[in-house]
Amino acid sequence: MSGGRRDFFRDIAAAARDAAQAATPSDAAGPMPNPEGAPPPEAEGPDPWLERYSRQLVLPQWSEAAQDALGAASVLVVGAGALGSPVATYLAGAGVGRLGIVDDGEVELSNLHRQHLHFTPDVGVPKAQSAVAKLGFLNPEVVLEPYQARFDSAMVEGQDLVVDCTDSFESRYAVNAACCTARVPLVEGGVVGLGGLVMSIRPGDTACYRCAFPDAPPPGAVPSCAEAGILGPAAGVIGSLQALEAIKLLAGLPGTLAGAFLQVDLATADFLRVAVARRGDCPDCRTL
Ligand SMILES: [Zn+2]
């Protein structure tokens with residue numbers, strides 16, 4: 001655990017408590033007169049950086065170095081829908097330095113029950129633009145880059161991490177292949193109905209998405225959200241798990257899902273962790 005800002009934060013918290021206790025009896029008598037007529041000195045508040053991140057800085061698993069690692073990171077969120085909403089919200093809130101948001105779609109009324117970065121007045125607005133507008137209010141310190149476009153492998157270059165929040169197997173395999181080629185860590189996720197899956201990938205070190213699922217299911221075998229339905233909180237759970245994985249990977253925390261996937265059945269509240277080994281014949285990562 002590093003000192004520096006954390007010690008400073010604790011000193012401020014202790015001083016605030018002492019001041020509150022000392023002020024309580026005299027408050028009833030009103031403020032002290034100011035014989036000189038000079039304005040009272042302005043109270044110095046806590047450092048806004050410390051204030052914003054204070055609840056994660058005090059975590060025993062966290063540190064100033066972990067916070068700085070987040071602040072120095074560039075993350076690409078592919079998809080600004082049901083999974084992208086919680087992922088981008090938590091990453092912006094946590095203090096990721098640069099956040100790219102990729103989505104070529106526009107907000108529809110049927111999105112709103114599960115895609116909480118978009119509101120009713122946003123219907124018809126490009127999702128990347130709508131998402132970035134909210135994220136900017138949430139944390140102005142984050143550099144936000146909207147991409148109103150389909151995912152392209154060139155977008156992965158220069159990223160420290162990619163979070164795949166798309167909703168088709170075609171796009172999942174494309175993102176996986178691009179991250180393997182560029183050796184950029186990836187957090188995969190998917191949700192439909194009341195079930196979902198999360199997987200973290202360190203290309204070259206742990207199994208990639210295609211190692212775990214060599215072939216896409218036949219067309220029509222897995223229904224879409226429009227066909228099978230979905231509850232908003234189910235997407236929230238999967239997206240939140242993806243955000244947590246991303247933060248752990250960026251900060252170097254242990255206990256990630258790299259080398260495994262988590263299968264989540266929210267109809268029964270069952271979580272199953274399945275270990276996955278790399279495949280020597282994987283077309284995406286065998287050469288790494
Ligand atoms: Zn692989």
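The values are calculated or read from the model by the stated rules, or taken from the named source; none is laboratory data. It should be emphasised that the depicted structure is a prediction, and the values quoted were computed from it without experimental measurement. Neighbour counts are summed over all protein chains in view; Cβ atoms, including those assigned to glycine, are modelled from backbone coordinates with ideal geometry. The accessibility values were calculated without ligands, DNA or RNA, using every heavy atom of the protein model including side chains. Shrake-Rupley method; radii C 1.70, N 1.55, O 1.52, S 1.80 Å.
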Selection status of A207, open to solvent by 20 Å² or more (accessible area, probe 1.4 Å), among the small types (G, A, S) and within 16 Å of the ligand (Cβ to nearest atom): no
Condition met for A216 (in contact (Cβ under 8 Å) with a residue 60 or more places away in the chain and either under 25 Å from L109 (Cβ atoms) or not β-branched (V, I, T) (or both)): no
Conditions (1) farther than 20 Å from H113 by Cα; (2) in contact (Cβ under 8 Å) with a residue 60 or more places away in the chain: number failed by F271: (2)
Odd one out for V96 among (1) outside any loop (DSSP other than H, G, I, E, B); (2) within 12 Å of the chain's Cα centre (by Cα): (1)
The stretch 139-161, residues that are part of a loop (DSSP other than H, G, I, E, B), more than 14 Å from G79 (Cα to Cα) and among the small types (G, A, S): G158
Residue in the stretch 137-147 that is away from the ligand (no atom under 16 Å from the Cβ), β-branched (V, I, T), surrounded by fewer than 19 Cβ atoms within 10 Å (Cβ to Cβ) and closer than 29 Å to A69 by Cα present: yes
Condition check for P217: surrounded by fewer than 16 Cβ atoms within 10 Å (Cβ to Cβ), of a type outside the set (A, V, I, L, M, F, W, C), assigned to a helix (DSSP H, G or I) and more than 16 Å from the ligand (Cβ to nearest atom): no
Residue in the stretch 180-190 that is away from the ligand (no atom under 12 Å from the Cβ), part of a helix (DSSP H, G or I), over 20 Å from L253 (Cα atoms) and modelled with pLDDT of 95 or more present: yes
Single condition P223 does not satisfy, out of (1) in a loop (DSSP other than H, G, I, E, B); (2) within 20 Å of T206 (Cβ to Cβ); (3) open to solvent by less than 70 Å² (accessible area, probe 1.4 Å): (2)
Any hit, the stretch 92-100, residues being surrounded by fewer than 18 Cβ atoms within 10 Å (Cβ to Cβ), at pLDDT 95 or above and either charged (D, E, K, R) or out of contact with any strand residue (DSSP E or B) (no Cβ under 9 Å at 6 or more places or on another chain) (or both): yes
Residue under evaluation P233, criteria (1) modelled with pLDDT of 95 or more; (2) away from the ligand (no atom under 16 Å from the Cβ); (3) buried (at least 17 other Cβ atoms within 10 Å of the Cβ), criterion not met: (3)
Test: residue in the stretch 96-103 that is over 15 Å from I247 (Cα atoms) and in contact (Cβ under 8 Å) with a residue 60 or more places away in the chain: no
Matching residues in the stretch 104-138 - criterion: being outside any helix (DSSP H, G or I) and touching a residue at least 24 places away in the same chain (Cβ under 8 Å): D104, G105, H113, R114, Q115, H116, L117, H118
Residues that are within 21 Å of A82 (Cβ to Cβ), within 16 Å of the ligand (Cβ to nearest atom) and in a loop (DSSP other than H, G, I, E, B), drawn from the stretch 236-286: L257
